[in-house]
Structures are given as C-alpha cells and as structure tokens.
Amino acid sequence: MGIRFQGQAICASGRITSPFHEIIEIQGATALPDTGGYGVDRVGPFRYREIVRFERATAEVIGSITYKRDKPEQEEDVVYHTLAKATVEKLNIGDVVTADRVVASVTARHPVKEGPTAIYITGTQFENLQIAGAPVSTTLATDTLNRLNTLPAAMKAFPQDQELQKLVSFFNAKDLASFAPRVRSQLNAPPTDGKLPQSRGFTNLSIVSSVAVERPPFEIYGNVIRVQGFGVITLGKMQMAETSRRITMIEVDLGCPVDGNTQNCCVDGGVIDW
C-alpha cells in the first residue's frame, strides 16, 4: 500500500491522416514521477504547416506534501497535493479555431487516511475564443465541479443535481450518433436507475455549461460544435474518476479537406492511494 502522485500536462499534439500521414509532435509536455516534485516545459513559437500554430505554451506539474506540524491551520496530519496545468497563447487551428489564451488546470488534495481525493478545476478558462470568425462565449461549470469535488459527492448528488445531469447529458446526445466513430466513442451509456453513468470507473462529461454565439455559422450540440468543411470541435471535455480528473480544452476532429485529430491543453491530475 502507498500513495502515488498523478500529474501530466500536454499543450498540443495530433495526427494527420490525409492528405498526408504525419504526427504532430507533442508540444509543451511534462509529468510527475510517483514521488512528486516539480516540472515545467515552455515552448514557442510553434507552427505545424498551416494546421496548428501558437505563440507560447507552458506545461507545469507540482506534487507536494504538507504536514500539520508545519501548517497548524491544516486540520489533517498529512495532505498530498497535485497541480497539472497547460496554457497555450495565441492558438490558431486552421484559421477556424482561434483563442488568445486557453488554460486547463486540475488541482488535487488528498488527506491521508481521512477521506477521498478532492479535485478542483479553478483557473481553467478560454480567453477570446472564436470559431469560424464568430466570437464564442462559454460558461464553465467551475462552481458545480468544485462543489462536487470528490467522486462520492458527485455520485450522491447526480440524481437531484440538474446542472451535473446536464454536463453528463452532453455526452449522451443522440445528435452525436451521426458523428465520426472517434467522437461517438466518447459517449456515455445512458444512465440507469438515475445513477451517475460510468464505464470502467470513468464518467465523460463537459466542463462547459453553455455555449453562446450570435448567429452561429455552425451547429452546436452542447459543448460539441460541427463546422461544415472543417470538422468537429469538442470544448472542455472531462473524464472523472475516483482519484483523478482529465481535461482536454479543445479537441478537433478534422474532416475534409484535411483529416486527422488535434488536442490542445490536456491535463490529468490526482492522487492515487493504493
């Protein structure tokens, strides 16, 4: 038995399958060893053909331990902490998706022998996000997900919590059934008996509560946007597990004339007690 830090951050990556087969090498990445510590990777400017470019990107991870003897205000004797954060500035994907700044951040707090891992997404944000030339206003469910910061809390609240139900329902949408197989693979099984849907211990949900666009030149399905002639954009995807949260802020499944996939601002953070 023991405790293991879990933290990784990746700013950009991808794979193009047409009109050529190429890997978009991982940009801005770092990860924690089991024992914790600190890591940072800064890159930029970066340009992959005319498909993905950004000015700066920073990946950061922290794994630390605090003790009550050093922090009298701390209620628990020993607490493990993890931070995983990815930031991309001046992001441009195919001149269709642009943002001044995108941040994914996961912070975990695990009191040893005194409760489940609590995980927060404070600091996660989009700044000046635009899609197909249209300003996109996103409302993130930071308050809801920070309130339901442990898996037991989320499971208990799900039958009555309409906001959490909505975030999960975005990945139940029947409208997504016609999308590419990789997009459909993200969908949850329909909830049964009013319980939080899980597959192998994971629940897919959105951290985006709403997307507002004035006269949008594309189709919106919750946090998923389909742009004809470009592809499918998923904003603020989260995987919730007992000891961790994984966030991908912008994932694009490109389709005609360029096929492939790119992921931007991906973090995975938590503390595993095994």
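All of the numbers you see were taken from the coordinates with simple rules; none came from a lab. All of these numbers come straight from a predicted model, not from anything done at the bench. So basically every Cβ, Gly included, is an ideal-geometry build from the backbone, and we count neighbours across all protein chains shown.
Details
Conditions (1) among the hydrophobic types (A, V, I, L, M, F, W, C); (2) more than 23 Å from Ala29 (Cβ to Cβ), marked per residue:
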position	(1), (2)
Val96	yes, yes
Ala104	yes, no
Ala118	yes, yes
Glu127	no, no
Ala132	yes, yes
Leu145	yes, yes
Gln160	no, yes
Lys166	no, yes
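- When residues of the stretch 40-60 are limited to those that are of a type in the set (Val, Ile, Thr) and part of a strand (DSSP E or B), the one surrounded by the fewest Cβ atoms within 10 Å (Cβ to Cβ): Val40
- Pair list, Cβ under 7 Å, 6 or more apart: the stretch 139-163 residue without any contact (Cβ under 8 Å) to a residue 24 or more places away in the chain, other residue in a helix (DSSP H, G or I): Leu148/Ala154; Leu148/Ala157; Leu148/Leu164; Ala157/Leu164
- Members of the stretch 201-219 that are of a type outside the set (A, V, I, L, M, F, W, C), within 19 Å of the chain's Cα centre (by Cα) and in a strand (DSSP E or B): Thr203, Asn204, Ser206, Ser209, Ser210
- Residues of the stretch 217-267 that are surrounded by fewer than 19 Cβ atoms within 10 Å (Cβ to Cβ) and of a type in the set (Ser, Thr, Tyr): Tyr221 alone.
- Residue identified as among the acidic types (Asp, Glu), assigned to a loop (DSSP other than H, G, I, E, B), surrounded by 15 or more Cβ atoms within 10 Å (Cβ to Cβ) and free of Cβ contacts under 8 Å to residues at least 60 places away in the same chain among Glu114, Glu89, Glu76: Glu76
- Test for Thr122: is it at negative phi and in a strand (DSSP E or B): no
- Within the stretch 1-39, the set of residues being part of a strand (DSSP E or B), farther than 30 Å from Leu254 by Cβ and of a type in the set (A, V, I, L, M, F, W, C) comprises Ile3, Phe5.
- Hits in the stretch 98-134 - residues which are of a type in the set (D, E, K, R) and under 16 Å from Val61 (Cβ atoms): Arg109
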